[in-house]
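So the structure is just underneath, and the comments pick up after that.
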Amino acid sequence: MLFKIKGFIPYIIVVFLNAFIDLGHKIIVQNTIFKIYDGQYQIILTAIVNALILMPFVMLLTPSGYCSDKYSKNIVMKITSMMAVVLTIMITIFYYAGWFWPAFAMTFLLAVQSAFYSPAKYGYIKELVGDACLAKANGVVQATTTISILLGIFVFSVLFEKLLVGKSYQNTGDVLEIIAMSGWVLIILSVFQLIIAWRLPKTNMTDQQLRFNWQQYISGAYLKLNVRAVLEKKLIKLSIVGLSLFLAISQVMLAAFPAYAKESLNIDNTVIIQGAMACAAFGIMLGALVAGQISKHNIETRLLPFSVIGIAFCLFLLPYLPNAYFQSFNFLFWGFCGGLLLTPYNALIQYYASENTLGRILAGNNFMQNVTMLFFLAMTVSFAFFGVDSEDLFIVLLLIALLIALPVAFKVKAIASKDIAI
């Protein structure tokens, strides 16, 4: 039984809290942008927020992978949990001071914390549960992260709107001062996360021979080594491409949809907009659980083409749906297809990675995903700057899904056509 494995429940709690805290601050910043700005400027600022979150995963690829391979992954998660406590205290101070741009910039520092946390988190799965439960554990982790995202969007959006009721505001600083008490929620949860992190059992899969050379890091030598490790095995490489495309398309969707909903659907309540998008998180949870059940004894790659076709269908429907209710169902199915896609792709990467390079490969996975997402967000900013509207962005995403993501899914399915018994 997965939940009887020592340390698995504390691990799942830490996974939940880390995602919840990171998302909470992001939601507050994005909702503040939504309340004050409109149209293209709103899309640009929202895309920049997302880019700030992604940049550390690109910049810190090598140090994060090194730490995950050199040191016990539970120790890395404990240290990053301590970082979260410090950062949430700083964020709360900025809220009370009404300093929007410093609070805006804190999304970057929270992402630095996550950049070190992420490869340790995913690498810890295999060490904790072993190969036999790998696919199922990935499904539970994905579902836990999704539940955290779902609840985070709901809790912080409702809290945001409740605190603004009956209050007048003229700028972003006014909004932050009004909702400042929400920062205490972030602090309390980060302290709780730290307490639970100290209960994670120690694992011994470390490489004490590793050494970090700053000169090689600055020159890009480490980057080449880690990317080469990712590219050595074709199935890992294609799985990372498939994940990157899905996540990049999702980033653009989430950056463009609030402005589309405000202008085309006349929705100005952040709870409704965030709630509609949160349905995608609920869908991912369902899809990940279904994929985990189907993949009890093997990694089921036949799910991949079906999931991409479903995602393309949702993109096609999005501009034609008349209200938030229909959009919510569309995001729900979008997320369900995403869950079917994420679980086998992640399991393939972990299965084919050797133990002594797992941290570097997972960090390389983060690098490839985030470079792709940054590129797509830069495209979004460029489109918005030149006046391209949200509906045109959705058409571009549809073409990318059909012309690039779908062939990749079929290729992975073909290579892994023989059942992978784990």
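The values are calculated or read from the model by the stated rules, or taken from the named source; none is laboratory data. Everything numeric here is computed off the predicted structure, so don't read it as measured data. Cβ: placed from backbone, ideal geometry, glycine included. Neighbour counts: every protein chain shown.
Answer yes or no as to whether Ser157 is more than 29 Å from Gly364 (Cα to Cα), assigned to a helix (DSSP H, G or I) and in contact (Cβ under 8 Å) with a residue 60 or more places away in the chain.
yes
Give me the pairs, please: first residue somewhere in the stretch 322-344 and surrounded by fewer than 24 Cβ atoms within 10 Å (Cβ to Cβ), second residue anywhere and modelled with pLDDT of 90 or more and not hydrophobic (A, V, I, L, M, F, W, C), beta-carbon distance under 7 Å, and either six or more positions apart or on two chains.
Phe333/Gly310
Where the second residue is of a type outside the set (Lys, Arg) and the first is without any contact (Cβ under 8 Å) to a residue 24 or more places away in the chain and lies in the stretch 229-257, which pairs have Cβ atoms under 6 Å and are six or more apart or on separate chains?
Hits for this filter: Lys237/Leu231.
Based on this model, can you work out whether Gly310 counts as under 22 Å from Leu151 (Cβ atoms) and either in contact (Cβ under 8 Å) with a residue 40 or more places away in the chain or in contact with a helix residue (DSSP H, G or I) (Cβ under 7 Å, 6 or more places away or on another chain) (or both)?
Criteria not met by Gly310.
Of all residues in the stretch 366-382, which are surrounded by fewer than 24 Cβ atoms within 10 Å (Cβ to Cβ), farther than 13 Å from Leu245 by Cα and touching a residue at least 24 places away in the same chain (Cβ under 8 Å)?
Matches in the stretch 366-382: Ala378, Met379, Val381.
How do the pairs read when you match residues in the stretch 282-300 that are basic (Lys, Arg) with residues anywhere that are surrounded by fewer than 24 Cβ atoms within 10 Å (Cβ to Cβ) and at pLDDT below 80, using Cβ under 9 Å and keeping only pairs 6 or more apart or on different chains?
Within 9 Å, the pairs are Lys296/Lys136.
For the stretch 167-181, which positions are assigned to a loop (DSSP other than H, G, I, E, B) and over 11 Å from Ile36 (Cβ atoms)?
Lys167, Ser168, Ile179, Ala180, Met181 - these are the residues of the stretch 167-181 that are assigned to a loop (DSSP other than H, G, I, E, B) and over 11 Å from Ile36 (Cβ atoms).
Please determine, by comparing only the residues of the stretch 278-298 that are of a type in the set (A, V, I, L, M, F, W, C) and touching a Leu at 6+ places or on another chain (Cβ under 6 Å), which one is surrounded by the fewest Cβ atoms within 10 Å (Cβ to Cβ).
Within the stretch 278-298, the subset of a type in the set (A, V, I, L, M, F, W, C) is 278-282, 284-286, 288-291, 294.
The next check asks that each one be touching a Leu at 6+ places or on another chain (Cβ under 6 Å); those that pass are 278-279, 281-282, 291.
Working: Ala278: 24, Cys279: 22, Ala281: 25, Phe282: 20, Ala291: 29.
By that ranking, first place goes to Phe282.
Which condition does Leu110 not pass, out of (1) among the hydrophobic types (A, V, I, L, M, F, W, C); (2) farther than 24 Å from Gln42 by Cα; (3) out of contact with any Cys (no Cβ under 7 Å at 6 or more places or on another chain), if it passes all the others?
Here Leu110 meets the rest and fails (2).
So, in the stretch 82-100, of the ones that are in a helix (DSSP H, G or I) and of a type in the set (Gly, Ala, Ser), which residue ends up farthest from Gln113 (Cα to Cα)?
So, considering only residues that are in a helix (DSSP H, G or I) and of a type in the set (Gly, Ala, Ser), the one farthest from Gln113 (Cα to Cα) is Ala97.
Across the stretch 19-51, what is the total count of residues that are modelled with pLDDT under 90, under 26 Å from Ser190 (Cα atoms) and of a type outside the set (A, V, I, L, M, F, W, C)?
Counting residues in the stretch 19-51 that are modelled with pLDDT under 90, under 26 Å from Ser190 (Cα atoms) and of a type outside the set (A, V, I, L, M, F, W, C) gives 3.
For the stretch 119-142, which residues satisfy the criterion of being of a type in the set (Gly, Ala, Ser), surrounded by fewer than 22 Cβ atoms within 10 Å (Cβ to Cβ) and in contact (Cβ under 8 Å) with a residue 12 or more places away in the chain?
Matches in the stretch 119-142: Ala132 only.
Of all residues in the stretch 332-360, which are modelled with pLDDT of 80 or more and touching a Cys at 6+ places or on another chain (Cβ under 9 Å)?
Matches in the stretch 332-360: Leu332, Phe333, Trp334, Gly335, Cys337.
Looking at the stretch 258-293, which of its residues are aromatic (Phe, Trp, Tyr) and at pLDDT 85 or above?
Result: Tyr260, single match.
Within the stretch 254-266, restricting attention to residues that are surrounded by fewer than 19 Cβ atoms within 10 Å (Cβ to Cβ) and not charged (D, E, K, R), which residue is farthest from Cys314 (Cα to Cα)?
Asn266
Can you name the condition, by its number, that Ile404 falls short on among (1) modelled with pLDDT under 85; (2) more than 19 Å from Ala256 (Cα to Cα)?
(1)
For the stretch 380-394, which residues satisfy the criterion of being at pLDDT 80 or above and of a type outside the set (Ser, Thr, Tyr)?
Passing the criteria: Val381, Phe383, Ala384, Phe385, Phe386, Glu391, Asp392, Leu393, Phe394.
Check Leu45 against each of (1) without any contact (Cβ under 8 Å) to a residue 40 or more places away in the chain; (2) of a type outside the set (Asp, Glu); (3) surrounded by fewer than 20 Cβ atoms within 10 Å (Cβ to Cβ) and name the one condition it does not meet.
In the conditions (1) without any contact (Cβ under 8 Å) to a residue 40 or more places away in the chain; (2) of a type outside the set (Asp, Glu); (3) surrounded by fewer than 20 Cβ atoms within 10 Å (Cβ to Cβ), Leu45 misses (3) alone.
Since Ala363 meets every condition but one in (1) under 18 Å from the mean Cα position of the chain (by Cα); (2) surrounded by fewer than 19 Cβ atoms within 10 Å (Cβ to Cβ); (3) modelled with pLDDT under 80, which condition does it not meet?
Status for Ala363: all satisfied but (2).
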